[in-house]
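Here is the structure we will look at.
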Amino acid sequence: MKIGKYVKGKANKYKVLIDDEPYTLYDDVIVKYNLLMKHDIDKELFTEMIKYNSELDSYYMSIKYITIKLRSELEIRNYLSKKEISSNVIDKTIKRLKDNHFLNDEVYTKAYINDQINLTNNGPKKIRKDLIKLGIAEEYIDEYLTKIDHQIWIDKINNFIEKKIRLNHNSSANFLRMKISNELINMGYDKEDINSYINSYDIIDADIKKKEYLKAKEQLSKKYSGYELDRKIKERLYRKGFYINQEDNYEE
């Protein structure tokens, strides 16, 4: 098989004519097989070259993927599988990435947990669950999660509660507490921690109750009056977690 001209391509690739057919080869292949000094190669060497070039393609593709952000081993395997890379080449790629310190699930776990703490509101249970989905061994996850000061999770819970109370415009204190609790549980925080702090907040909803009462009255008075109107208003507010007492006087 005759080797023709070389044309420099992008990055570390060359276009090489072999028996008048164009092939894109990495410069690693050209150097390893000393192609610049050869004019002819046999089919056995050609097959070996193409195989090695495919392995390099998988490797460099993975590095590019990792440079966007750190990846777990499972993420790399799934990524390469979608690119229709053979399992044998994927195994070799994973080994090479690990040998060259591009892939390390322990480092990934620590970085992932730190990012979740600093950049998201996610709690420890959700972080753990998401890492397991990423193929991280539970021993790595638990090792690093147990090193996190518990006060960090408490502070995040309290910050979230305070923000939600501050932004509340239409929920009763009871409904708001229940809503916040459910959100924090879904975010991966411990239920006991949530209950310990959310009940310590004094949520003032008197103005909201008055607003909801007047809004309900304006809407329902178009259809009801007297005792029936009063009952319908109370029913609507009750569904929203508000209770109308005798001392509540919202008549204008």
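Of all residues being outside any helix (DSSP H, G or I) and hydrophobic (A, V, I, L, M, F, W, C) in the range 162-199, which is farthest from the chain's Cα centre (by Cα)? Just the residue, please.
It comes out as LEU167.
From VAL29, VAL7, which residue is surrounded by 17 or more Cβ atoms within 10 Å (Cβ to Cβ) and either in the same structural domain as MET61 (by TED's automatic domain parsing) or under 21 Å from LYS64 (Cβ atoms) (or both)?
Exactly one residue qualifies, and that residue is VAL29.
Of all residues in the range 165-194, how many are under 22 Å from ILE127 (Cα atoms) and either of a type in the set (D, E, K, R) or modelled with pLDDT under 90 (or both)?
Within the range 165-194, residues that are under 22 Å from ILE127 (Cα atoms) and either of a type in the set (D, E, K, R) or modelled with pLDDT under 90 (or both) number 6.
Out of the residues in the range 195-234 meeting the condition of being among the hydroxyl-bearing types (Ser, Thr, Tyr) and farther than 30 Å from TRP153 by Cβ, tell me which one is surrounded by the fewest Cβ atoms within 10 Å (Cβ to Cβ).
The extreme case among them is TYR227.
Among (1) modelled with pLDDT of 75 or more; (2) surrounded by fewer than 11 Cβ atoms within 10 Å (Cβ to Cβ), which single condition is TYR238 missing?
For TYR238, the failing item is (2).
Check ILE141, ILE154 and return the single one that is in the same structural domain as GLN116 (by TED's automatic domain parsing) and closer than 30 Å to ASP105 by Cβ.
Result: ILE141 is the single residue among ILE141, ILE154 that is in the same structural domain as GLN116 (by TED's automatic domain parsing) and closer than 30 Å to ASP105 by Cβ.
Could you pull out the residue among LYS69, LYS110 that is closer than 18 Å to GLU138 by Cα and within 20 Å of the chain's Cα centre (by Cα)?
After ruling out the rest, the residue left standing is LYS110.
Provide a single number: the residues in the range 202-214 that are out of contact with any helix residue (DSSP H, G or I) (no Cβ under 6 Å at 6 or more places or on another chain) and within 16 Å of PHE160 (Cβ to Cβ).
0
Filter the range 121-138 down to the residues that are under 10 Å from SER72 (Cβ atoms) and either in contact (Cβ under 8 Å) with a residue 60 or more places away in the chain or in the same structural domain as ASN78 (by TED's automatic domain parsing) (or both), then identify the one that is surrounded by the fewest Cβ atoms within 10 Å (Cβ to Cβ).
Checking each candidate, the answer is GLY135.
Can you pull out every residue in the range 15-41 that is acidic (Asp, Glu) and under 14 Å from LYS51 (Cβ atoms)?
Passing the criteria: only ASP28.
The values are calculated or read from the model by the stated rules, or taken from the named source; none is laboratory data. No experiment lies behind these values; they were computed from the predicted model shown. Cβ sites come from the backbone with ideal geometry, for glycine too, and all protein chains shown count toward neighbours.
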